[in-house]
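Here's the structure, in structure tokens; my notes come after.
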Amino acid sequence: SAPQDLAGRQVVVSAGGTREPLDPVRFIGNRSSGKQGLAIARAAAARGARVTLVTAHLDADVAPATGDLRTEFGTEVIRVETAEELATAMRAEAATADVVVMAAAVADYRPATVSESKIKKDDSGDALSLTLERTPDILAGLAAERPRGQVVVGFAAETAPDREALLELGRTKMARKGADLLALNVVGWRTGFGADDNAVIVIDRAGVPVAEVDGSKDAVAHALLDAVLELEAARD
Ligand code: C5P
């Protein structure tokens, strides 16, 4: 069994992809499966943490794992749909957390208005224009308001051509978000979202790589938690 090096810690993890409604039957979503976030929640629970999993939409083949998490580890599971709901849940849960991991794929934009009735072809003809508005940046908000000592971890999924480009994008994102650690990974049409494996580089606030993993999402989860503990130890 895993070392109990997170015993006594409260860890909050977000997972899955948000869905932003257009009308009662449609939404704007993304390809996140929820696998990486769930792997982090499971790994943290296995290492003794009290875990709250805040989850947006999960792929059907991943979803049953939430039931397992609850029964196996006593993990609390909160289900949300939209970026706004995720923001509200994360703000509430993060208030008492030692570690916060934003692994959810959050919509950056949502429909500015949500139609009460189904949008009809007859009303729009051959083309339909949608006005989208920005959603709140949850990670940046959590980082800005984190309680003393809390470690805030984010993800950055990028379509970068190579390692250097990925690091550069990650450093820019780190500066904007103000997290303690950022897990950078390359996504494309065939890699990243939905896969069982993941390749990530974890950078610290200064943009320095502190961990690098190419393996299962479980391996990535444990490496990320190791990096959190190393960061905490370095602060003491
Ligand atoms: O800016 P980008 O979406 O690439 O940043 C990714 C990180 O920020 C992820 O950790 C994601 O969970 C988080 N995020 C957020 N709120 C948003 C968009 C992204 O917390 N509106």
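The values are calculated or read from the model by the stated rules, or taken from the named source; none is laboratory data. Everything quoted here is computed from the prediction, not taken from an experiment. A quick note on method: Cβ atoms are made from the backbone with ideal geometry, for glycine too, and the neighbour counts reach across all protein chains shown. For accessibility, only protein heavy atoms count, side chains too; no ligands or nucleic acids. Shrake-Rupley method; radii C 1.70, N 1.55, O 1.52, S 1.80 Å.
Quick look at the numbers
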| item | result |
| --- | --- |
| Stretchable slack from Ala219 to Glu116, in nm (0.36 nm times residue separation minus alpha-carbon distance) | 32.7 nm |
| Mean accessible surface per residue for the chain, computed with a 1.4 Å probe while every protein chain stays in place, in Å² | 50 |
| Within straight-line cross-link reach of Lys177, aspartates and glutamates at Cα separation under 17 Å, skipping those fewer than 8 residues along the same chain | Asp108, Asp137, Glu145, Glu158, Glu168, Asp204 |
| With eigenvalues of the C-alpha gyration tensor scaled by 5 and rooted, the chain, Å | 30, 20, 17 |
| The range 1-55-the range 114-149 distance, computed between alpha-carbon centres (Å) | 21 |
| Loop-resident sites, the range 142-221, for GluC sites (Glu not before Pro), counting at most 16 other Cβ within 10 Å (DSSP) | Glu145 |
| Of the DSSP H helices in the chain, those whose Cα atoms cover at least 30 Å axially and whose Kyte score averages 0.5 or more | none |
| Net lengthening on full extension, Asp123/Thr71 (0.36 nm per residue, minus Cα-Cα) | 13.8 nm |
| Reciprocal of mean inverse Cα separation for the range 110-236 (Kirkwood radius, Å) | 16.9 |
| Per DSSP, loop trypsin sites (Lys or Arg not before Pro) in the range 118-197 with at most 14 further Cβ within 10 Å | Lys118, Lys120, Arg148, Arg190 |
| Label point 7 Å beyond Cα of Asp108 along Cβ direction - residues of the range 122-153 with amide nitrogen under 19 Å | 130-143 |
